[in-house]
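Structure first, commentary second.
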Amino acid sequence: MSIMELNGGSCVAMVGKNCVAIACDLRLGNQALTVATNFSKVFPVTPSTLVGLPGLATDTMTVWEKLRFRTNMYEMKENRKISPQTLAHLVSSTLYEKRFGPYFVEPVIAGLDNSGVPFIASTDLIGCINFAKDFVVSGTASEKLFGMAESLWEPDLAPEELFETISQTLLNAVDRDAFSGWGAIVWVVEMDGSEGKVTKRWLRGRMD
Amino acid sequence: MEVSFGITGKDYVIFASDTSSVRSIVRMKSDEDKQKEIGKHLVMAYSGEPGDTVQFAEYVERNMRLYAIRNHIALRPSSAASWTRAELAKSIRSRNPYSVNLLLGGWDPTSNTPHLYWLDYLGTMATVPFAAHGYGAYFSLSTMDRYHNPEGTLEEGLDLLRKCINELETRFIVNLGKFKVRVADKDGVRVVEL
């Protein structure tokens, strides 16, 4: 039993035309026992960036608390919101600091920078960044997510189409994974003028 | 072998813990109180490594009291749970971690809502309408899934608890004896007889 599979949970993020989407399941388990069905692994960092932290649940919360502190300090010092590229590097350094006693999370990052250009990235548990152009996946259902995303994703999807694509990717992947599921949430980020607009939707999925 | 339950309702939270103190094949005590009142409206039910449990529970209780003394106001359930979670998360990566699982919760007078949190020794925290720790969870969570009413009265909550304890008495090999039951609501914390 791997430590990354103790609590279960998965995340996926995708790039669309001037938009990004990120989604996660809601299960929190203790091996085979489901403990909660409202445990979201995705957290908003700025009005136009979010980070997903699937893995060991205690580290999900600890890493989120550290990131929240660091991004708040960044905003206070620089007097501007952190860009998604910089956030990815911040996540990477936060994780690498614990290189020989790591946090057991494998984050995915999604956001739009100031000019509305979409950005996604993922890292491993010690902070190696993957700058993908299409989609990133993480969690206990990552292999299934790779399969679904590879088949369903295409470039330049509009926000509504991207929502459908990422939803089907997540739902069908977690249905094949015993440790993920019990509901899902999808966030779609697009530019509304110069502000980020985030639409959050709960998905109706198999509750088993 | 230790079991604890937590059930929320319209305006209360029920905590139930078994009362057996066991070492190997011997039951040393059958009136052990495995809960602590950590605030006027806050209860914490603990289970896990003997020794670690009481040490950690008293540590939490005293720090809650210290906060209230310093700041002239008690911590709300969500804040108390967050602090406790952070202590457990610090502990797990220390030289000698506390091996304690908790059900923490109570009545929040600022928002007039009941809260219940499931915490484990790693520092995992989940906000739940009902919960259980130990082997008892495998037997009773399904019963709670079926019969729990989030807007239920105290009587309904206690009935659900009786169903769960009954399930254990029928199907669990270990006889756990009596349960210590506390209710946290707007009037504070009190012990109830099932």
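Name every residue in region A:165-206 that is under 18 Å from the mean Cα position of the chain (by Cα) and assigned to a loop (DSSP other than H, G, I, E, B), in order of residue number.
Within region A:165-206, A:ASP177, A:PHE179, A:SER180, A:GLY181, A:TRP182, A:GLY183 meet the criteria.
Is it the case that region B:120-142 has a residue that's over 17 Å from the mean Cα position of the chain (by Cα), more than 14 Å from chain A (Cβ to nearest Cβ) and polar (S, T, N, Q)?
no
Scan region A:66-90 residue by residue and report those that are surrounded by 15 or more Cβ atoms within 10 Å (Cβ to Cβ), of a type outside the set (Val, Ile, Thr) and without any contact (Cβ under 8 Å) to a residue 24 or more places away in the chain.
A:TYR74, A:LEU90
If the requirement is being under 19 Å from B:VAL181 (Cα atoms), in contact (Cβ under 8 Å) with a residue 12 or more places away in the chain, more than 14 Å from chain A (Cβ to nearest Cβ) and assigned to a loop (DSSP other than H, G, I, E, B), which of these qualifies: B:GLU32, B:GLU61?
On the way: B:GLU61 fails: assigned to a loop (DSSP other than H, G, I, E, B).
Of the residues listed, the single one that is under 19 Å from B:VAL181 (Cα atoms), in contact (Cβ under 8 Å) with a residue 12 or more places away in the chain, more than 14 Å from chain A (Cβ to nearest Cβ) and assigned to a loop (DSSP other than H, G, I, E, B) is B:GLU32.
Taking strands (runs of 3 or more DSSP E) that fall entirely within region A:1-112, which contain at least 2 residues that are within 21 Å of A:ARG206 (Cα to Cα) and within 14 Å of chain B (Cβ to nearest Cβ)? Write out each step before concluding.
Details: elements: A:10-15, A:19-25, A:28-30, A:33-36, A:42-46, A:49-52, A:108-112.
Fully inside region A:1-112 and qualifying: A:28-30, A:33-36.
Does B:ARG95 meet the test of being basic (Lys, Arg) and assigned to a loop (DSSP other than H, G, I, E, B)?
Values: basic (Lys, Arg): yes; assigned to a loop (DSSP other than H, G, I, E, B): yes.
Considered against the rule, which asks whether it is basic (Lys, Arg) and assigned to a loop (DSSP other than H, G, I, E, B), B:ARG95 comes out as yes.
Kindly list, by first and then second residue, each pair from a residue in region A:130-143 that is free of Cβ contacts under 8 Å to residues at least 12 places away in the same chain to a residue that is assigned to a loop (DSSP other than H, G, I, E, B) and buried (at least 17 other Cβ atoms within 10 Å of the Cβ), limited to pairs with Cβ atoms under 9 Å and residues at least 6 apart or on different chains.
A:GLU143/A:ASP177
Can you pull out every residue in region B:112-167 that is in a loop (DSSP other than H, G, I, E, B), closer than 17 Å to A:ASN38 by Cβ and either touching a residue at least 60 places away in the same chain (Cβ under 8 Å) or touching a helix residue (DSSP H, G or I) at 6+ places or on another chain (Cβ under 6 Å) (or both)? Spell out the reasoning first.
Within region B:112-167, the subset in a loop (DSSP other than H, G, I, E, B) is B:112, B:120-124, B:128-129, B:134-135, B:148-153.
Cutting the leftovers down to closer than 17 Å to A:ASN38 by Cβ gives us B:120, B:124, B:128-129, B:148, B:150.
Hits for region B:112-167 are B:THR124, B:VAL128, B:PRO129, B:HIS148, B:PRO150.
Are any residues in region B:89-104 away from chain A (no Cβ under 11 Å) and in contact with a helix residue (DSSP H, G or I) (Cβ under 6 Å, 6 or more places away or on another chain), and if so, which ones?
The answer is B:PRO97, B:TYR98, B:SER99, B:VAL100, B:LEU104.
Is it the case, given these coordinates, that B:ASP145 is farther than 15 Å from B:VAL181 by Cα and out of contact with any strand residue (DSSP E or B) (no Cβ under 8 Å at 6 or more places or on another chain)? Reasoning before the result, please.
Working: farther than 15 Å from B:VAL181 by Cα: yes; out of contact with any strand residue (DSSP E or B) (no Cβ under 8 Å at 6 or more places or on another chain): yes.
So B:ASP145 passes the test.
Would you check which residues across region A:124-149 are surrounded by 24 or more Cβ atoms within 10 Å (Cβ to Cβ), of a type outside the set (A, V, I, L, M, F, W, C) and under 18 Å from A:THR49 (Cβ atoms) and list them?
Listed by number, the list holds a single entry, A:SER138.
Based on what the data block shows, is A:LEU157 buried (at least 16 other Cβ atoms within 10 Å of the Cβ), in contact with a helix residue (DSSP H, G or I) (Cβ under 8 Å, 6 or more places away or on another chain) and part of a helix (DSSP H, G or I)?
Numbers: buried (at least 16 other Cβ atoms within 10 Å of the Cβ): yes; in contact with a helix residue (DSSP H, G or I) (Cβ under 8 Å, 6 or more places away or on another chain): yes; part of a helix (DSSP H, G or I): no.
No.
Does region B:132-146 contain any residue that is over 21 Å from B:GLY188 (Cα atoms), crowded, with 23+ Cβ neighbours inside 10 Å and of a type outside the set (Gly, Ala, Ser)?
Within region B:132-146 (the criterion being over 21 Å from B:GLY188 (Cα atoms), crowded, with 23+ Cβ neighbours inside 10 Å and of a type outside the set (Gly, Ala, Ser)), the answer is yes, since at least one residue qualifies.
State which residue is surrounded by the most Cβ atoms within 10 Å (Cβ to Cβ) when the search covers only region B:31-52 and only residues that are of a type in the set (D, E, K, R) and closer than 17 Å to B:GLY136 by Cβ.
Pass one, region B:31-52, residues of a type in the set (D, E, K, R): B:31-34, B:36-37, B:40, B:49, B:52.
With closer than 17 Å to B:GLY136 by Cβ added as a condition, the list becomes B:32, B:34.
Working: B:GLU32: 18, B:LYS34: 24.
Residue satisfying both the conditions and the ranking: B:LYS34.
If you take the residues in region B:74-88 that are within 11 Å of another protein chain (Cβ to nearest Cβ) and surrounded by fewer than 19 Cβ atoms within 10 Å (Cβ to Cβ), which one is nearest to B:HIS41 (Cα to Cα)?
Going through the qualifying residues, I end up with B:SER82.
All of the numbers you see were taken from the coordinates with simple rules; none came from a lab. Fair warning: this is a prediction, and the values are worked out from it, not measured in the lab. Here Cβ is always computed from backbone atoms with ideal geometry, including for glycine, and neighbour counts include all displayed protein chains.
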